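All remarks here apply to the structure that follows.
The values are calculated or read from the model by the stated rules, or taken from the named source; none is laboratory data. Values in this document were obtained by computation on a predicted structure and should not be read as measured data. Glycine gets a Cβ as well: all are built from the backbone with ideal geometry, and neighbour counts include every protein chain shown. Please note that ligands, DNA and RNA were not included when accessible areas were found on the heavy atoms of the full protein model with its side chains. Shrake-Rupley method; radii C 1.70, N 1.55, O 1.52, S 1.80 Å.
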Amino acid sequence: MRMIPTRIHGVLDYIVGIVLITAPWLFDFADGGVKQWVPVILGLGALLYSLMTNYELGVMRVIPMPVHLVLDAGSGILLAASPWLFGFADDIWWPHVVVGLFEIAAAMTTHIHPSYEEDVHPGAPLA
């Protein structure tokens with residue numbers, strides 16, 4: 001069930017992007033290794049594609065919302081799996097898994113059309 005409006009999702013995008021970039025220092029795993037750089041790179045990517053998404057908080061509005069949601073879900077899957085994929089689960093895993101699962105859940109429960117498109121697509125399901 002898609003219940004999160006795209007405007008709220010946009011706010012979450014920017015918050016999650018900043019949290020991912022700062023997480024290694026907030027949770028004390030900034031050692032210069034892959035456990036640090038996976039969230040930083042994914043956070044920077046999230047900020048970049050959020051700025052380019054066709055929704056209320058997008059600036060360039062060139063990426064359709066369904067594509068954005070696929071990027072979010074893919075980022076969440078990679079982030080949640082990264083402690084085991086890259087072999088640092090014995091050191092730290094919970095921030096990667098928690099934020100990754102949050103990204104997946106948000107992608108699955110956000111409307112696929114921004115509210116300003118409801119007038120353009122009358123009667124179209126917001127899914």
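A few remarks follow.
- The range 13-127 - percent of accessible surface contributed by carbon and sulfur, probe 1.4 Å: 74 percent
- Across the range 1-123, Cα pairs under 8 Å and at least six residues apart give a relative contact order of 32 percent.
- A 1.4 Å probe run over the protein chains yields, for the chain, 53 Å² of accessible area per residue, whole-number rounding.
- Over the chain: helical MRE at 222 nm, DSSP H runs n ≥ 4 each giving -39500 (n - 2.57), nearest 500: -20500 deg cm²/dmol
- Order by protection proxy (mean Cβ within 10 Å, highest first), peptides 6-17, 59-70: 6-17, 59-70
- Local net charge near G33, Cβ-Cβ under 15 Å (Lys/Arg +1, Asp/Glu -1): -3
- Each of A80, V98, I8 was placed along the dipole of the chain (beta-carbon charges, centred on the mean Cα), and the one lying farthest toward the positive end is I8.
- Relative to the current alpha-carbon distance between M60 and D31, full extension at 0.36 nm per residue lengthens the span by 7.0 nm.
- Additional length obtainable on full extension of the chain from I77 to I41, 0.36 nm per residue less Cα span: 11.5 nm
- Top of G43, G32, G87 by mean-square fluctuation, Gaussian network on the chain, Cα under 10 Å: G32
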